[in-house]
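First comes the structure, then the notes that go with it.
Any read-out appearing in this document is the output of simple, stated calculations on the displayed coordinates, not a laboratory observation. Small disclaimer: the values here were computed from a predicted structure and weren't measured. Here Cβ is always computed from backbone atoms with ideal geometry, including for glycine, and neighbour counts include all displayed protein chains.
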Amino acid sequence: MKSFFYLLYKDALLLLRDKAGIILLFIMPIALVLIMTSMQDGLLNSITNTDISLVLLNDDNDSIGNTIEKELNKSEVFDVHNLNEMDTLLSENGLRNLVAQGKYLIGIYVPANTTQQFKEGFRKDIESVFDGSSTNKLESSDSIPIRIYLDPTIKPNVQSNLMSNVREFITQIQNQFQLKAFSEALKEIAGNTESNLDLRYSKKLIADEKISDKKEDVLFRPNSVQHNVPAWTLFAIFFIVISLSGSTIKEREDGSFNRLMTMPCSYSKYLLSKMTVYLFVCILQFLIVLAMGIWVFPYIGLESFDVNGIFLKLLFVVIVAACAAIGFGTAISSIATSQQQAAVFGSVSVVILAAIGGLWVPTYAMPEIFRTFSNVSPLKWGIDALYSIILRKSDISDVLAQCIYLLIFAISCFVIAIIYKKFKKV
């Protein structure tokens, strides 16, 4: 045990003496989260040229519901999944949960008897005009509740863009049915004719628009702060591979590693010391970026990062992600033959993993091929877990799958490092 504490002291000294490494590990994430959050706040993010995943539940099974389903399937914008075909037992609540879990960006629910209610309401309004009990303008305060749910992780400006597209789409269908219903009503109603009839009609197919939340119907809109704090925390955590691999290779090059191995010091204890020191560094990075989000951002006109009730959950995911980053750095240090080689490979690989992992561009806005690649990025697993906790108020059990992936990645990297060392002359 005494030797382990000496190893911790040695690794801490190596880290503190590396001034460039200290700047990279602590100043870089502070600058990135400050600059990127300020730049992204309020910017309009386009989601064009992508298939937007949409799930539809058509309980109407009549003209309006079937037309919406048909037109959505013909659309080149939406990737439509029919819930009636997937599971006939699922209700509106099931659709809502699918969207809340992030499996689809949009959910549309067409209630039973939508077409019948629309026709009956329209006919009554027309009859009231022709029998003189109403003005010559077709108006109705009623609404038919076609409900729309959006994934809560979508940024507000993207939500507005999506809702605008969906609203325009359904309004076109609404206008078609109004004209058809009006034409049929004129044929059936005998006698009276009305001159200068105002055909504008206020009955709406979309009664209410909701942002789907996992636990309750609360309007929850993510912002640039809620994206950038976890994103750049993960980026900083994985950037420790440069400092970690550099210090390990330096010890190997100057002979320190060989001298340590001749003492009562096992390689596993050596790795555990490195892991402990850099795990502390990762937690410190997280706390610094979190402090920026909570106390600094409000002074520069940005929203404060809310950690109420989720701090320990975030810390758990950060620790798991740190283990993955430390394992990755250990594997790089075992395979690389020089500090320069480790630094170049480490920095480039982390940037690539961050890019395809959705830290810069949301994965749903990527082309299909990059959305597929993103699933192999450990930063994608980390950001998905943090998003779920921050935006969907998920519990640890809900993000356990992503945490397990990160731990498997960490263990695999440590195994690679040990096996490579065993078959390589140090």
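Quick rundown of the values:
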item	result
Ranking of C265, C323 by count of other Cβ atoms within 10 Å, fewest first	C265, C323
Peptide ranges 90-102, 7-19 listed from the most packed, as the mean C-beta count within 10 angstrom indicates	90-102, 7-19
Reduced Cα scattering model of the stretch 343-426, Debye log10 I(q)/I(0), q = 0.14, 0.16, 0.21 Å⁻¹	-0.59, -0.73, -1.04
Fewest-first ranking of R259, R123, using other Cβ atoms within 10 Å as the exposure measure	R259, R123
For a label point 7 Å along the Cα-to-beta-carbon line of R123, residues of the stretch 57-73 with backbone N under 16 Å	63-64
Within the stretch 311-416, chymotrypsin sites (Phe, Trp or Tyr not before Pro) in DSSP loop having at most 14 other beta-carbon neighbours inside 10 Å	W360
Long-range amide H partners of F78 with built H, under 5 Å	I52
Trypsin sites (Lys or Arg not before Pro) lying in DSSP loop within the stretch 354-426, provided at most 14 other Cβ fall within 10 Å	K424, K425
Sequence of H227, H81 once ranked by neighbouring C-beta atoms within 10 Å, starting from the fewest	H81, H227
The stretch 232-279 and the stretch 329-346: distance between their alpha carbon centers, rounded to Å	12 Å
Pairwise label distance in nanometres, K2 with I411, each label 7 Å out on the Cα-Cβ vector	3.5 nm
